[in-house]
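Heads up, the thing below is written out as structure tokens.
The values are calculated or read from the model by the stated rules, or taken from the named source; none is laboratory data. It should be emphasised that the depicted structure is a prediction, and the values quoted were computed from it without experimental measurement. Here the Cβ positions follow ideal geometry from the backbone for every residue, glycine too, while neighbour counts run over all protein chains shown.
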Amino acid sequence: MPKSILVDPREMRRRSTLVGGEIPLNAYVPDPEAEARKYGREDLVRMYRDMVFIREFEVMLDRIKKDGQYQGIAYAHLGPAHLSIGQEAAVVGQCYHLTPDDFIFGSHRSHGEILAKCFRSIAQLDDDTLMCIMQTYMSGAALRVVEKFSHGSVKDLAINYVLYGTLAEIFGRETGFNKGMGGSMHIFFPPFGVMPNNAIVGGSANIATGAALFKRINRWPGICIANIGDASMGCGPVWEAMIFAAMDQYHTLWDKKVGGAPPILFNFMNNFYGMGGQTIGETMGFGVLARVGLGVNSEGMLAERVDGYNPLAVADAIERKKVILLEGRGPVLLDTVTYRFSGHSPSDASSYRDKEEVNQWQLHDSPAAFRQHLKDNGHADDAELDAFHQDIVERLRHVVREAVSLEVSPRVNTQTDAIGEMMFSNQFKDRMAEGRREVLLPKEETRLKITSKKHRFGLENGQPLPRLKCVTYAEALFEAMLHRFYEDPTMIAYGEENRDWGGAFGVYRGLTECLPYHRLFNAPISEAAIVGTAVGYALSGGRVVVELMYCDFMGRAGDEIFNQMAKWQAMSGNVLQMPLVLRVSVGSKYGAQHSQDWSSLVAHIAGLKVMFPATAYDAKGMLNLALRGTDPVVFFESQRLYSEPEKLVEGGVPVDYYEVPMGEPAIRRAGHDITIVSIGATLYRALDAAAELEARYGLSAEVIDARFLNPLNYAPIVASVRKTGRVVLASDACERGSFLHTMASNISQLAFDALDGPVAVVGARNWITPPAELEEGFFPQKDWILDAIHEHIVPLAGHMPGTVQTTDEILRRNRLGV
Ligand SMILES: Cc1ncc(C[n+]2csc(CCOP(=O)(O)OP(=O)(O)O)c2C)c(N)n1
Ligand SMILES: [Mg+2]
């Protein structure tokens, strides 16, 4: 189904000039009378209060880090504290027009944003709602602490609750907002729309965009803001997020009912420094950060520079931009000018900037300036305004005392497996939310009509049937995808060539016809954005499948896979789930950058489930499993297998729904003399080796297909090894650092007494993957497995090794690092 977006050569070759758009800089014109009418005295004064509260919170942390005490309460805080002293107006102004439905995502320097958003939500919500949130969030753990010393209204209690929940999190306590698993740089509190803050510079850009995508596709209310620093403009993933957010297809191809572009605002908290690097004049060339918007889309991202030292200028900008975003006319870029008086962190001596510059900004200090504004316009007097400072000091005295107490605010017990229990949610849900499944065809009329009628098993009387007449590994994957699309209204999939092309390797052929654009679409060639937005989509509550054509491209999405996808469930203290499946294909024949098996690399990272089916039955059964789960899965597939029918599991690939049990290896061939364990497509070479062991050497080999790298139940493997006393492991991953060595070490510990020899490991050579014609010298072959057995485990009578597997050779290779 072509898209019919004409690329007209006459238009493309026409002589003309592109005229740059205009970007407003600090366009806000203060008007005290109009402001008084618009906001009212009470809200104006509350803005000041919030600035003072945030300032004192950060000063308290500064004292604790530098002096080891606050108000006489001693504490040694080991973790970080990136303070935002000086940036208060930018955050208070931002939150004024936001409601709990609006999400903010932040950075390492987000304490102020968190507090401002929470304070604003407290002002907006009624007492019953506030009590309900405090009582139910983490079963009321933080509420129980603050109730003891809070004696005012529910809103007063809620303010103490927020101060305490935030501080206890910074101090790594179980009573903190994220059970102490996040700490200073990752605190968040979803009930008030405070979403994850990120220690990876710019990390929030893609995640917030994914959350905005979730809101748009699932018609949820509110906008999303990525609060990131000026220096993050140097990060590729931030650019990728902006490109992704500005795709034309939201307007040209997506159904108008969906509502246009995701409501995402990229707010750069522009304090002019990235640690000691100065973004203007040194590390960047944009001059004015907002200029970047012009490079992203024809609307220039509706970019503006906003005076972040005037909370009302920021509030005005957010109010205007929110309307635009809700109408689907984003993305928006704000260059919010601000300045931090504090160092990058408390240990920073600010040697990279002149004292004079800091002094000049201090003359503009926003709480002081806004206080003057309130007094000048008759909104408040000194006595009323001074009281806020006394109030916050008093509150913090209680909050700090409780947060430093190990009795009141204990840490998670690492002697038990408390953190282990948070690594995965281990839940299964048919759908992440109820609702209408938006599809274009009844399920029976999809490509399923064709696949369901094919032979479900690839052999007849032991002879192979024509492949075209059998359900293949790729089609088995398709059936799993189709099933979940028709079950879960939140499920979407995207990646490069996911739509008309049918997925890079044809797995999605037929999906274009049955799914609207917003459920299946082509992404830009932006691997970081593909995975990072999926993280944001999933943690907002939707199920998502994204694909990176070749697993070699994971390098382009390294942070998003290893730090974001893998970590947010546990860092949230299990507040969030991550129903995200990342499909990656292991290539072959395409050389060094398209033919690597990186499953070991992924298995090394805590927080990811790793699956690698080797047969068509497993392709469907394991993808079904992954797609019903709520945990992040990296799903490896093999290009050697896409066109293969099921030839091992009797009965073939069921038409109906089924799942492979989580973490369970499959015994593919029974035997009693030696065990061969394989990962992925290496299975077939292991089976060939087993056949030859039987035929030529009279040895009966048991072949086990691991199927899973994490989690993995070793019991069937150990049981096999206890029976055979011998084991060889094989996979296409490069041998050095291969997951096989983890397996070998575990098997040695679990079955040492039963082993007749060492656990042999057969991986690919520690080289680049050479051209197709040389691959047999690189990837493990049947003969390599035989050679390894002969050399290390049991001599095979009359066997002539074709490869050198001697201990001397192992030493030589390692000495040379190859
Ligand atoms: C990807 C990445 N690179 C480097 C760092 C180390 N680092 C932490 S904060 C920071 C500066 C960030 O500057 P900016 O984005 O402007 O935020 P600011 O600190 O000014 O609030 C750096 C380099 C990091 N955390 N993440
Ligand atoms: Mg900065």
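Run R411 past the list (1) within 16 Å of ligand 1 (Cβ to nearest atom); (2) not hydroxyl-bearing (S, T, Y); (3) not in a helix (DSSP H, G or I) and report the number of the one that doesn't hold.
R411 satisfies all of (1) within 16 Å of ligand 1 (Cβ to nearest atom); (2) not hydroxyl-bearing (S, T, Y); (3) not in a helix (DSSP H, G or I) except (1).
Can you tell me which residue is nearest to the chain's Cα centre (by Cα) among those in the stretch 664-683 that are crowded, with 20+ Cβ neighbours inside 10 Å, closer than 10 Å to D705 by Cβ and of a type outside the set (A, V, I, L, M)?
It comes out as G680.
Scan the stretch 658-672 and report the pairs whose first residue is touching a residue at least 24 places away in the same chain (Cβ under 8 Å) and within 16 Å of A691 (Cβ to Cβ) and whose second residue is of a type in the set (S, T, Y) and not in a loop (DSSP other than H, G, I, E, B), with Cβ atoms within less than 8 Å and a gap of 6+ or a chain change.
I667/S720; G671/T724; H672/T724
Report, ordered by the first and then the second residue, all pairs with beta carbons closer than 7 Å, sequence separation of six or more or different chains, a first member in the stretch 786-803 that is in contact (Cβ under 8 Å) with a residue 24 or more places away in the chain and closer than 16 Å to A686 by Cα, and a second member that is in a loop (DSSP other than H, G, I, E, B) and of a type in the set (V, I, T).
From residues that are in contact (Cβ under 8 Å) with a residue 24 or more places away in the chain and closer than 16 Å to A686 by Cα, there are no pairs.
Given the criterion within 16 Å of ligand 2 (Cβ to nearest atom) and either among the small types (G, A, S) or in contact with a Cys (Cβ under 7 Å, 6 or more places away or on another chain) (or both), identify the matching residue among A90, A76.
On the way: A76 fails: within 16 Å of ligand 2 (Cβ to nearest atom).
Of A90, A76, the one residue that is within 16 Å of ligand 2 (Cβ to nearest atom) and either among the small types (G, A, S) or in contact with a Cys (Cβ under 7 Å, 6 or more places away or on another chain) (or both) is A90.
Yes/no per residue for (1) among the acidic types (D, E); (2) closer than 28 Å to S342 by Cβ:
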residue	(1), (2)
P9	no, no
M12	no, no
P24	no, no
Y28	no, yes
R37	no, no
D43	yes, yes
M47	no, yes
V52	no, yes
D62	yes, yes
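If F388 satisfies every condition in (1) free of Cβ contacts under 8 Å to residues at least 40 places away in the same chain; (2) in a helix (DSSP H, G or I) but one, which is the exception?
For F388, the exception is condition (1).
Mind checking which residues of the stretch 54-86 are part of a helix (DSSP H, G or I) and within 18 Å of Y309 (Cβ to Cβ)? Spell out the reasoning first.
Filtering the stretch 54-86 for residues part of a helix (DSSP H, G or I) gives 54-67.
I54, R55, E58 - these are the residues of the stretch 54-86 that are part of a helix (DSSP H, G or I) and within 18 Å of Y309 (Cβ to Cβ).
State whether the residues of the stretch 766-789 include one that is assigned to a strand (DSSP E or B), within 18 Å of H594 (Cα to Cα) and either in contact with a Lys or Arg (Cβ under 6 Å, 6 or more places away or on another chain) or hydrophobic (A, V, I, L, M, F, W, C) (or both). Step through it out loud before you land on a result.
Taking the stretch 766-789 as the starting set, the residues that turn out to be assigned to a strand (DSSP E or B) are none.
No, the stretch 766-789 contains no residue that is assigned to a strand (DSSP E or B), within 18 Å of H594 (Cα to Cα) and either in contact with a Lys or Arg (Cβ under 6 Å, 6 or more places away or on another chain) or hydrophobic (A, V, I, L, M, F, W, C) (or both).
If you go through the stretch 81-90 one residue at a time, do you hit one that is surrounded by 13 or more Cβ atoms within 10 Å (Cβ to Cβ), more than 16 Å from ligand 1 (Cβ to nearest atom) and not acidic (D, E)?
If we filter the stretch 81-90 for residues that are surrounded by 13 or more Cβ atoms within 10 Å (Cβ to Cβ), which is where we start, we get 81-90.
From what's left, more than 16 Å from ligand 1 (Cβ to nearest atom): none.
Looking through the stretch 81-90, none of the residues is surrounded by 13 or more Cβ atoms within 10 Å (Cβ to Cβ), more than 16 Å from ligand 1 (Cβ to nearest atom) and not acidic (D, E).
Among the residues of the stretch 258-267, is any in contact with an Asp or Glu (Cβ under 6 Å, 6 or more places away or on another chain), of a type in the set (V, I, T) and modelled with pLDDT of 95 or more? Spell out how you get there, then give the answer.
Going through the stretch 258-267, the residues in contact with an Asp or Glu (Cβ under 6 Å, 6 or more places away or on another chain) turn out to be none.
No, because not a single residue in the stretch 258-267 is in contact with an Asp or Glu (Cβ under 6 Å, 6 or more places away or on another chain), of a type in the set (V, I, T) and modelled with pLDDT of 95 or more.
Could you tell me which residue of the stretch 182-229 is farthest from ligand 1 (Cβ to nearest atom), considering only residues that are on the phi > 0 side of the Ramachandran plot and buried (at least 23 other Cβ atoms within 10 Å of the Cβ)? Full working, then the answer.
Keep residues of the stretch 182-229 that are on the phi > 0 side of the Ramachandran plot, which gives 183, 193, 202, 219, 222.
Subsequent filtering for residues that are buried (at least 23 other Cβ atoms within 10 Å of the Cβ) retains 193, 202.
Values: G193: 21, G202: 7 Å.
Across the stretch 182-229, the extreme among qualifying residues is G193.
So which residues in the stretch 254-282 are assigned to a strand (DSSP E or B) and within 16 Å of ligand 2 (Cβ to nearest atom)? Talk me through it step by step, then tell me what you get.
Let us first name the residues in the stretch 254-282 that are assigned to a strand (DSSP E or B), namely 264-270, 273-274, 277-278.
F266, N267, F268, M269, N270, Y273, G274, G277, Q278 - these are the residues of the stretch 254-282 that are assigned to a strand (DSSP E or B) and within 16 Å of ligand 2 (Cβ to nearest atom).
Search the stretch 217-248 for residues being within 16 Å of ligand 2 (Cβ to nearest atom) and more than 18 Å from the chain's Cα centre (by Cα), and hand back the single one that is farthest from E319 (Cα to Cα).
Residue satisfying both the conditions and the ranking: G234.
Considering only the stretch 196-204, I want to know if a residue exists there that is among the β-branched types (V, I, T) and part of a loop (DSSP other than H, G, I, E, B).
Looking only at the stretch 196-204, we keep the residues that are among the β-branched types (V, I, T), and these are 200-201.
Filter again for part of a loop (DSSP other than H, G, I, E, B), leaving 200-201.
Within the stretch 196-204, one or more residues are among the β-branched types (V, I, T) and part of a loop (DSSP other than H, G, I, E, B).
Name the single residue, out of those in the stretch 254-273 being within 16 Å of ligand 1 (Cβ to nearest atom) and over 16 Å from S204 (Cα atoms), that is surrounded by the most Cβ atoms within 10 Å (Cβ to Cβ). If you could, list the steps in order and put the result at the bottom.
Filtering the stretch 254-273 for residues within 16 Å of ligand 1 (Cβ to nearest atom) gives 266-273.
When the remaining residues are screened for being over 16 Å from S204 (Cα atoms), the result is 271-273.
Details: N271: 24, F272: 21, Y273: 22.
This residue is N271.
Would you confirm whether or not the stretch 414-426 contains a residue that is surrounded by 12 or more Cβ atoms within 10 Å (Cβ to Cβ), among the small types (G, A, S) and in a helix (DSSP H, G or I)?
If we filter the stretch 414-426 for residues that are surrounded by 12 or more Cβ atoms within 10 Å (Cβ to Cβ), which is where we start, we get 418-419, 421-426.
Retained after the next criterion (residues that are among the small types (G, A, S)): 418, 425.
Checking which are in a helix (DSSP H, G or I) leaves us with none.
The answer is no, given that none of the residues of the stretch 414-426 is surrounded by 12 or more Cβ atoms within 10 Å (Cβ to Cβ), among the small types (G, A, S) and in a helix (DSSP H, G or I).
Output the qualifying pairs, or none if there are none: Cβ atoms under 6 angstrom, residues six or more apart or on different chains, first residue in the stretch 463-487 and over 11 Å from K620 (Cβ atoms), second residue assigned to a helix (DSSP H, G or I).
Final answer for the pair search is R484/L627; Y486/K443.
Looking only at residues in the stretch 321-354 that are more than 16 Å from ligand 2 (Cβ to nearest atom) and hydroxyl-bearing (S, T, Y), which one is farthest from the chain's Cα centre (by Cα)? Show your work before the answer.
Initially, the stretch 321-354 is screened for residues more than 16 Å from ligand 2 (Cβ to nearest atom), giving 321-332, 346-347, 349, 351, 354.
Checking which are hydroxyl-bearing (S, T, Y) leaves us with 347, 351.
Values: S347: 30, S351: 35 Å.
Filtering the stretch 321-354 for residues that are more than 16 Å from ligand 2 (Cβ to nearest atom) and hydroxyl-bearing (S, T, Y), the one farthest from the chain's Cα centre (by Cα) comes out as S351.
Name the pairs whose Cβ atoms lie under 6 Å apart, with the first residue in the stretch 266-277 and more than 18 Å from L83 (Cβ to Cβ), the second within 8 Å of ligand 1 (Cβ to nearest atom) and not hydrophobic (A, V, I, L, M, F, W, C), and 6 or more positions between them or separate chains?
Qualifying pairs under 6 Å: F268/D230.
Just to be sure I understand, how many residues within the stretch 476-515 are part of a loop (DSSP other than H, G, I, E, B), in contact with a strand residue (DSSP E or B) (Cβ under 9 Å, 6 or more places away or on another chain) and at negative phi? Even if it seems obvious, please write down each step before you answer.
The initial filter retains those residues of the stretch 476-515 that are part of a loop (DSSP other than H, G, I, E, B), namely 488-491, 496-510, 515.
In the following step, the residues that additionally are in contact with a strand residue (DSSP E or B) (Cβ under 9 Å, 6 or more places away or on another chain) were identified as 490-491, 496-501, 503-505, 507-508, 515.
Filter once more, so that each one left must be at negative phi: 490-491, 496, 498-501, 504-505, 507-508, 515.
Here the count works out to 12.
Name the single residue that is nearest to A261 (Cα to Cα) among those in the stretch 291-316 being assigned to a helix (DSSP H, G or I) and either within 15 Å of ligand 2 (Cβ to nearest atom) or free of Cβ contacts under 8 Å to residues at least 60 places away in the same chain (or both).
From the stretch 291-316, those assigned to a helix (DSSP H, G or I) are 291-295, 300-302, 311-316; that's our starting set.
The next check asks that each one be either within 15 Å of ligand 2 (Cβ to nearest atom) or free of Cβ contacts under 8 Å to residues at least 60 places away in the same chain (or both); those that pass are 292, 295, 301-302.
Details: V292: 19, G295: 18, M301: 12, L302: 13 Å.
Among them, the one singled out is M301.
Just name the residue that is farthest from ligand 1 (Cβ to nearest atom) out of those in the stretch 230-247 that are closer than 15 Å to R216 by Cβ and part of a loop (DSSP other than H, G, I, E, B).
My answer is M247.
H251 is checked against (1) away from ligand 2 (no atom under 15 Å from the Cβ); (2) surrounded by 19 or more Cβ atoms within 10 Å (Cβ to Cβ); (3) assigned to a helix (DSSP H, G or I); (4) not hydroxyl-bearing (S, T, Y) and fails just one. What number does that condition carry?
It fails just one condition, (2).
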